Each structure stands twice: as C-alpha cells, then as structure tokens.
Amino acid sequence: MNTAEQLATIDGLWSRPFPADHGRSAAGWGGPGYVVAELTRRHGAREEAEDQAEADRDGLTALLDGRWGEPYRFSLWSVHTRALEHGEEIPEPWDWLSACAQDLHLWSVGERWVALAVAHQGDDSPYQLLAVVTDVAPP
C-alpha cells in the first residue's frame, strides 16, 4: 500500500461508522467503538523489519502532523502491566494493542482517537504498521 492509499484508508476508517459486531471487514477488523487496518507488513530479520515498520510509521506521522498537529506518543507498557499484573479490565482496542505494540502515535480528532502503532505478535510474525480509529479514550 502506498502513502496515498494509507492516507485514504485512515480517512475511511475515521469517517465510517464503527462495526456493530466484532470481526473482519474490507477495511480490516474491529468492533463496537473501534476499527483497525494493517497499512504495511514487514518481514525479514527482526531488527531490520522493526526498523522498516517504524520508518513507515514515522513517515506517515510526518504527513498526519500537517493535518492534526504533533501526535501524543503513548506508551502501552503500563496498560499491559495493569491488565496482566493487576487484572484490570482494559477496553478494546487498547487491551489488544497493549499485547502486541509497545507504543503508538496518537491524535485526538473530533470525537475520535486516531493512532499509528507498530505491532508484532510473535517470533515468526511480521512487523505491522496499524492504523487504529476509536471513540474509546486511552486508558
């Protein structure tokens, strides 16, 4: 997906209603109050794939800065810790994101939150650049 397609995907996620039920759609996956789309997928050596995914995120962040200003850099470490060690119930999409991403770039846009996250879900899985749109405030 090129940059223009990534921006169009984010615009589409932001402007459409959220799914009524959890599951996959043409845009990605989501549920009540959130939707997630994969923008890039990077394979290869761990450090190289992670660096490429982060560069993808940073390049797209620079473009979104022009629209929405500088993002808030939000660490998901404490969210994940609160869920695992303290049994706190974390709402979606934040619970799932905290299990596969370390941090994200986050904007408040109208009534919604827009985030870019580099996710990794295990040793053999690729690094993904994800776009997340939600009306659920970060925990």
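A short reminder: the numbers here are calculations on the coordinates, not readings from a lab. These figures come from a predicted structure and were not determined experimentally. We place every Cβ from the backbone using ideal geometry, glycine too, and count neighbours over all the protein chains shown.
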Suppose R0 equals 35 Å; then what is the FRET efficiency for residue 41 and residue 86 from their Cβ-Cβ distance, rounded to the nearest 0.05? 0.60
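Tell me the relative contact order for segment 1-69 as a rounded percent, counting alpha carbon contacts under 8 Å between residues six or more apart.
Numbers: 52 pairs, mean separation 13.8, N = 69.
RCO, segment 1-69: 20 percent.
Report the gain in length on full extension from residue 58 to residue 137: 0.36 nm times residue separation, minus Cα-Cα distance, nm rounded to one decimal.
26.2 nm
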Residue farthest toward the positive end of the dipole of the chain, with Cβ of Lys/Arg at +1 and Asp/Glu at -1: which of 33, 80, 129? 33
Just flag the chymotrypsin sites (Phe, Trp or Tyr not before Pro) in segment 82-125 sitting in loop per DSSP whose Cβ has no more than 13 other Cβ atoms within 10 Å. none
Restricting to segment 1-105, what percent of DSSP beta bridges are antiparallel, rounded to 5? 100 percent
3J(HN,Hα) from dihedral phi, segment 23-34, Karplus parametrisation 6.51/-1.76/1.60, rounded to Hz, x for glycine, proline: x, 8, 9, 4, 7, x, 8, x, x, x, x, 7
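Hey, got the dipole for segment 27-139? About the Cα centre, +1 on K and R Cβ, -1 on D and E Cβ, debye to the nearest 20? Kindly include the intermediate steps, with their values, before the conclusion.
On the way: 8 positive and 20 negative charges, 61 e Å.
About 300 debye.
Please give me, ordered by residue number, the GluC sites (Glu not before Pro) of segment 64-126 that lie in loop per DSSP and have at most 10 other Cβ atoms within 10 Å. Write out the running numbers ahead of the final one.
Values: sites: 85, 88, 89, 111; in loops: 88, 89, 111.
Answer by residue number: 89, 111.
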